Amino acid sequence: MGLTGLAIFKLLPKTNCGECGVPTCLAFAMALAAGKATLSQCPYVSNEAREALDAATAPPIKLVKMGSGDKVLAIGDEQVIFRHDKTFYHPTGIFIEVADNDANLAAKIDEINGIVIERVGQKYEVDGVAIANASGSADTFKAAAEAVAGKTDKAIILLTECPTCMEAAAGAIAARKPLLYAATADNYEKMVAVAKKVDAPLAVKGADLNAMAELVAKIDYKELVIDSGARQISQVIADQTQIRNGAVKKRFRPYGYPTIAFTTEADPAMEVLEAQAFISKYASIVVLKTTKTEYLMALFTWRSNLYTDPQKPIAVQPGVYAIGAANENSPVYITTNFSLTYYTVATEVESTRLPSYLIAFDTDGLSVMTAWAGGKFIGEAIGPWLKDSDINEKVKKKVLIIPGGVAAIKGKIEDLSGWEVMVGPRDSSGITSFAKLRLNV
Amino acid sequence: MPVEIYKDKFTGKVLEVILGATKEQGGTRAYTVKLGGSSTLPFLYYEGELPNRPVIAMEVWDIKPQWSSSFEPYYGDVWNDPVAWAKKAEEYGADVVYLKLMGADPELENSRSAADCAKLVKDVLAATGAPLMVEGPGFPEKDNDVLQAVAEAAAGENIALGAAEKDNYRGIAAAAMMGRHCIIGRSPLDINILKQLNIMITEMGVPINKVLNDPITSGLGYGIEYSFSVMERARWGALIGDKMMALPVVCLAGPEAWRGKEANAANADAGPGWGDEKDRGIIWEAMTAAALLQAGGDLLLMRHPEAAKLVRKQIEELAVPNKY
Ligand code: SF4
């Protein structure tokens, strides 16, 4: 990435010894530029050349991992400013903050573990727990870290600026690879030593963007997460935007790390809206306090939407779905398996309050009109499928309701399936009144 | 050495559109609302001008809607009185009243006539001080009749008429021109159609600074990311100089959010972990609106007064200028 073969060639020994497996340094440089070789294949690269090459080929934002087992959280490694430029890769980690001296710590962790939200076939859980050293005591902090680690396998963030407290707690749960928050201008030497000792990622917090960048440059450790120290929402958005732009467009190394943001709103509804803004504007981790699941569901849903790959139509499993307690007298609707279309139609069918079947027809995740134009949602495809489908055993009346926009496929489906076809509304929002008028609800 | 502050150098900016007209301007509104004017991305005050903060419009119907019981305590006594409803929306802090003439749906038994719609709009204007937006029932022919009558009745008030779509914009554009009103152009999550529609509307003679864009909002959980990205792309286009993308964006956050099951389901019908119904619908709407703010929404249509209150509060926080 970034460097041309010629630029790489300039950094190689130019002895053409051939030990890398290709006859010349130039050929090796070309192979490197094309991503077909790795630098370690040449035993003679100088350290300076290696550093220069590493820096040039490194991703704009480092991938940092925390947590252990199957709860490893990978953050960073983002490549674009806007999701439509490509996609966002590593969804923001959502953490709940607890205090080390909370008398109900155990119950609180149970509560966090218990947050499991399911909607449209997705499951949302909190990514981790951030433990604040509210007590200021190393012993209490360590005990809390152990207690939390014992109760949950989620990722953990240790929040303290006291190096001895950090050492005690991080040492006790080192195997869990917690994120250590934070190294500051005052404590960074000791914090870096702790991070190196326990082999855990370290957050670097500055008084502002400048101080943060200066501090990062001083730190000889690469497993970092960065925080400009801003807390006011519009300044956080500004700083996060600076960091993302600087990292991606300018390759400014001190910005090349995942970021962390903290909410400050006391009202939980305002707090999740604040967290939303941080997620929308590049935060790799958001730490918040509320455990109200109706609020968290909205936040998780937004994260999931934002991090959806815009180039990949998301599809639901094709097949026959029962909406409500469908039975042999229920109407049968058909739409495509493009998930947006499917769930929109499903929601409308559900709001008719008439138990129904909804077929998600396999169109490779294309919407109705696109699939129709592309020959995937036409009588010739639907008819034969319908004829053999197990929906035949589920209902008595063989009547299929199709989207109004593709009324033209009615005849062909009827010919090829033996079903009767009823033309439904053009827009799914018309399903309720359609059901009222035509299905005698 | 201080870090270099990265700034995009934009040459374009979003046009400013004014809604409403005061007495001096030939109308009767208590104030006007300015939309747009941004010369940078949302909330990046350090980089450019953001002269007008996003505003909140609130939805009023001319017939009783089938909404969640969550609205009952707020609007229960005005469901059948759109004029009183509009006044209530103002009390709840609406910057703009957004009247949807659902009762003019030609398939309804007592479909409201164009003349009745015009009278209703006059009554709403007489009872309120906020700028007004009026949307027809969504049936092309009826929309044309209704909005023409409304445009005439509201002459001088600089209301917004909607929604003009690619296949149905001429009648509405003519009505807007005749009454010197604004027009809402609605495009189906497609940046090219958005642009094309703006060109077609302005080619008919509607001044460009009378056009608002509704790129179609999808609700949280149901395709909101498409709206988000279309809005981001259009805003970028505007900032790099494409005047036909440089119009203030209207987001129908309330109506779209409340289509989702998550907003409506009573506790008995709720999925695992959905929490309590009371705040669930409110946050679902507020989250939809707040996310779209980050993509450049200039006017948010809200439905629930509590959701509107949350979003207004966040706009205040977002409007604190950041700087370096
Ligand atoms: S091993 Fe290194 S020095 Fe030898 S040819 Fe390959 S690149 Fe050149």
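The values are calculated or read from the model by the stated rules, or taken from the named source; none is laboratory data. No experiment lies behind these values; they were computed from the predicted model shown. With ideal geometry, Cβ positions are generated from the backbone for all residues, glycine too; neighbour counts draw on all protein chains shown. What goes into the accessible areas is simple: the full protein's heavy atoms, side chains included, and nothing from ligands, DNA or RNA. Shrake-Rupley method; radii C 1.70, N 1.55, O 1.52, S 1.80 Å.
Look through the range B:299-324, keep the residues that are open to solvent by 10 Å² or more (accessible area, probe 1.4 Å) and more than 9 Å from every other protein chain (Cβ to nearest Cβ), and return whichever of them is nearest to the chain's Cα centre (by Cα).
Among residues in the range B:299-324 that are open to solvent by 10 Å² or more (accessible area, probe 1.4 Å) and more than 9 Å from every other protein chain (Cβ to nearest Cβ), the one nearest to the chain's Cα centre (by Cα) is B:Arg303.
Restricted to the range A:232-278, and to residues that are over 15 Å from B:Glu317 (Cα atoms) and among the polar types (S, T, N, Q), which residue is farthest from the other protein chains (Cβ to nearest Cβ)?
A:Thr259
Please state which one of B:Glu141, B:Glu152 is modelled with pLDDT under 95 and part of a helix (DSSP H, G or I).
Answer to the selection: B:Glu141.
For the range A:10-22, which positions are near the ligand (Cβ under 9 Å from one of its atoms) and either of a type in the set (Asp, Glu) or without any contact (Cβ under 8 Å) to a residue 24 or more places away in the chain (or both)?
Within the range A:10-22, A:Lys14, A:Asn16, A:Gly18, A:Glu19, A:Cys20, A:Gly21, A:Val22 meet the criteria.
Do you know which residues across the range A:241-268 are in contact with a strand residue (DSSP E or B) (Cβ under 6 Å, 6 or more places away or on another chain) and not aliphatic (A, V, I, L, M)?
If the condition is that a residue be in contact with a strand residue (DSSP E or B) (Cβ under 6 Å, 6 or more places away or on another chain) and not aliphatic (A, V, I, L, M), then A:Tyr257, A:Pro258, A:Thr259, A:Phe262, A:Thr263 are the ones that fit.
Taking strands (runs of 3 or more DSSP E) that do not extend beyond the range A:331-419, which have at least 2 residues that are buried (at least 22 other Cβ atoms within 10 Å of the Cβ) and in contact with a Ser or Thr (Cβ under 6 Å, 6 or more places away or on another chain)?
Correct list: A:332-336, A:356-361.
Of the residues that make up the range A:291-310, is at least one free of Cβ contacts under 8 Å to residues at least 40 places away in the same chain, open to solvent by less than 10 Å² (accessible area, probe 1.4 Å) and more than 9 Å from chain B (Cβ to nearest Cβ)?
No, every residue in the range A:291-310 fails to be free of Cβ contacts under 8 Å to residues at least 40 places away in the same chain, open to solvent by less than 10 Å² (accessible area, probe 1.4 Å) and more than 9 Å from chain B (Cβ to nearest Cβ).
Within the range B:222-243, work out how many residues are more than 9 Å from chain A (Cβ to nearest Cβ) and either buried (at least 19 other Cβ atoms within 10 Å of the Cβ) or assigned to a loop (DSSP other than H, G, I, E, B) (or both).
9
Pick out the one residue from A:Val98, A:Val45 that is more than 14 Å from every other protein chain (Cβ to nearest Cβ) and within 16 Å of the ligand (Cβ to nearest atom).
Checking each option against the conditions leaves just A:Val45.
In the range B:1-56, which residues are within 15 Å of B:Cys182 (Cβ to Cβ) and either of a type in the set (A, V, I, L, M) or within 14 Å of chain A (Cβ to nearest Cβ) (or both)?
Residues satisfying the conditions are B:Val14, B:Leu15, B:Val17, B:Ile18, B:Leu19, B:Ala21, B:Val33, B:Leu35, B:Val55.
Restricting to the range A:107-140, give me the number of residues that are of a type outside the set (D, E, K, R), part of a strand (DSSP E or B) and surrounded by 15 or more Cβ atoms within 10 Å (Cβ to Cβ).
Selection size over the range A:107-140: 7.
Working only within the range B:1-45, note down all residues that are of a type outside the set (Lys, Arg) and not in a loop (DSSP other than H, G, I, E, B).
Within the range B:1-45, B:Glu16, B:Val17, B:Ile18, B:Leu19, B:Glu24, B:Gln25, B:Val33, B:Leu35, B:Gly36 meet the criteria.
Just the residues that are within 14 Å of chain B (Cβ to nearest Cβ) and either in contact with a strand residue (DSSP E or B) (Cβ under 7 Å, 6 or more places away or on another chain) or surrounded by 20 or more Cβ atoms within 10 Å (Cβ to Cβ) (or both), please, taken from the range A:85-95.
Selection gives A:Phe88, A:Thr92, A:Ile94.
Please state which one of A:Ile75, A:Ile81 is within 30 Å of A:Lys108 (Cβ to Cβ), more than 16 Å from the ligand (Cβ to nearest atom) and of a type in the set (A, V, I, L, M).
None of the other options fit; the residue is A:Ile75.
In the range A:50-57, is there at least one residue being of a type outside the set (Lys, Arg), farther than 30 Å from A:Thr152 by Cβ, open to solvent by 20 Å² or more (accessible area, probe 1.4 Å) and near the ligand (Cβ under 7 Å from one of its atoms)?
So far as the range A:50-57 goes, no, none of its residues is of a type outside the set (Lys, Arg), farther than 30 Å from A:Thr152 by Cβ, open to solvent by 20 Å² or more (accessible area, probe 1.4 Å) and near the ligand (Cβ under 7 Å from one of its atoms).
Filter the range A:96-106 down to the residues that are surrounded by 20 or more Cβ atoms within 10 Å (Cβ to Cβ) and within 20 Å of A:Ala275 (Cα to Cα) and list them by number.
Passing the criteria: A:Ile96, A:Val98.
Assess whether A:Asp70 counts as being more than 16 Å from the ligand (Cβ to nearest atom) and either farther than 30 Å from A:Pro310 by Cα or not assigned by TED's automatic domain parsing to the domain that holds A:Arg251 (or both).
No, not satisfied.
Only one of (1) open to solvent by 10 Å² or more (accessible area, probe 1.4 Å); (2) outside the structural domain of A:Ile96 (by TED's automatic domain parsing); (3) farther than 19 Å from B:Gly221 by Cα; (4) hydrophobic (A, V, I, L, M, F, W, C) fails for A:Ile314. Which number is that?
Every condition holds for A:Ile314 apart from (3).
Say we look at the range A:23-42 and pick out the residues that are in a loop (DSSP other than H, G, I, E, B) and open to solvent by less than 70 Å² (accessible area, probe 1.4 Å); which of these is nearest to the ligand (Cβ to nearest atom)?
A:Cys42
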